[in-house]
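Working notes for the structure below.
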Amino acid sequence: MLNKSHLTDSLYDSTSHSISDSDFDIATDSNTLSALAFTSLPLVLQKPLLQSKRIILIANNPSIDTASLKALLQPTDVLVLFNDFIHADFFANHPLAKDLPKLLFFRQIGDSKLHFGLPPRSNNVTAMLDMAKQAPLGILFGNAAYQFPMPCDDPSPADDPITANRVLEIPEQLEKLLRSDEHCAVLSEQHSVVADYPIFADIHSSAPTSGFLLYRLLLSARLYIQQKQKAETPLSIIMLGFNNDDKTAHFWEGHNWAFERQELATPPTGVEIIRQY
């Protein structure tokens, strides 16, 4: 297993230098990890990622408006959205945004059958159907594949009360997508890319935040992408709306916020963090 300093050096430093046997071992482990990270992604997104120039991870941050998104997005981007993602209609229907490949990450709720952002919880099912018609759509489930739960499977229904506008059942077209090996994959919260993450042993389900987990996965995968593209510089990663202050309402104690903030305080080359507008 790589320690943090070895992982950082091998993933972030693309300069050439003379290598020792230990350097070679580290590079080999890094290449293996990057290939594992890339193949952890849904098949439908692997080709678009090899052709893209930027990956943009977009947090559920209310300070992000569509005007900012219009100014930021480019035709060679791949977008990453989380759970009950913001601006669903924009991403599904805007002339530029709708044509961009997208990766949706839905995190499992504890040990339940539920995932945040999918029925019977609040969701963007209609937008997902529209997205799938326009561009490659990959879906990652946290820890377990989607199990098509019913409202009675919700262990904490008061956390997300059902409204008249809630989609409670998966339409047939989307059900086929969610059962597709090409479009969907399961991502463990204990994936090798976060093997060094300090969890809290006394807190059940302690794990990285969704944003940090996907950041580490894509940071590792971009080394594989760089090698396949035979590019001199790695793919750019933009993290949009990921705050490092207390203005965000949800700071679950099972995430190691201090560890994540420390790492993201000095992002590697090619990684840009846009916290708030």
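Evaluate the charge dipole of segment 36-129 about its Cα centre and quote only its size in Debye, nearest 20, assuming +1 on the Cβ of each Lys and Arg and -1 on the Cβ of each Asp and Glu. Show your work: numbers first, answer last.
Working: 9 positive and 6 negative charges, 41 e Å.
Dipole size: approximately 200 debye.
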Could you tell me the relative contact order of the chain? Use alpha-carbon pairs under 8 Å, at least six residues apart, and round to a whole percent.
23
Ignoring everything but the protein chains, give the 1.4 Å probe accessible area of V167 in square angstrom, nearest 10.
40
Show that you can apply the helix-only estimate: for the chain, add -39,500 (n - 2.57) for every DSSP H stretch of four or more residues, divide by all residues, and state [θ] at 222 nm to the nearest 500.
-10000 deg cm²/dmol
Please list 71-80, 40-49 highest first by mean number of surrounding beta-carbon atoms within 10 Å per residue.
40-49, 71-80
Under the definition of Cα pairs under 8 Å and six or more residues apart, what whole-number percent is the relative contact order of segment 93-233?
23
With +1 on each Lys and Arg Cβ and -1 on each Asp and Glu Cβ, and nothing else charged, work out how big the dipole of the chain is about its Cα centre, in Debye to the nearest 20.
840
Normalised by the residues of segment 82-157, what does the relative contact order come to in percent, with Cα pairs under 8 Å and at least six apart?
38
Past the 28 angstrom mark, what percentage of all C-alpha to C-alpha distances in the chain do you count?
35
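Tally Lys/Arg at +1 and Asp/Glu at -1 over every other residue whose Cβ is under 12 Å from the Cβ of I237; what's the total? All intermediate terms of the calculation are to be shown ahead of the outcome.
On the way: positive: K53, R54, R216, R222; negative: D77, E272.
Here the charged neighbours net out to +2.
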Compute the signed sum of charges (Lys and Arg +1, Asp and Glu -1) over the other residues within less than 11 Å, Cβ to Cβ, of D160.
-1
What do you get for the angle between helix 210-229 and the principal long axis of the chain? Use alpha-carbon atoms, 0 to 90 degrees, nearest ten.
50
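Over segment 120-186, with every protein chain in place, what whole percent of the accessible area is carbon and sulfur at 1.4 Å, could you tell me?
On the way: 1730 of 3580 Å².
Accessible surface attributable to carbon and sulfur in segment 120-186 totals 48 percent.
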In degrees, nearest 10, the alpha-carbon axis of helix 21-39 is tilted away from the dominant principal axis of the alpha carbons of the chain by 20
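For the chain, with every protein chain kept in place, what is the accessible area per residue (1.4 Å probe, Å²)?
I get 49 Å² per residue for the chain.
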Vicinal HN-Hα couplings computed from phi for segment 198-205 (Karplus, 6.51 cos²θ - 1.76 cosθ + 1.60; Hz; Gly/Pro x)
x, 7, 9, 4, 8, 10, 4, 6
Candidates A195, A185, A158: whichever shows maximal mean-square fluctuation once the chain is modelled as a Gaussian network with Cα springs under 10 Å
A158
Kirkwood hydrodynamic radius (C-alpha pairs) into Stokes-Einstein, segment 149-277, 25 °C and 0.890 mPa s, D in µm²/s:
136
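The values are calculated or read from the model by the stated rules, or taken from the named source; none is laboratory data. For clarity, every value in this text was computed on a predicted model and none was experimentally measured. A quick note on method: Cβ atoms are made from the backbone with ideal geometry, for glycine too, and the neighbour counts reach across all protein chains shown. The protein model used for the area step is the full one, side chains on, heavy atoms only, and it has no ligands, DNA or RNA in it. Shrake-Rupley method; radii C 1.70, N 1.55, O 1.52, S 1.80 Å.
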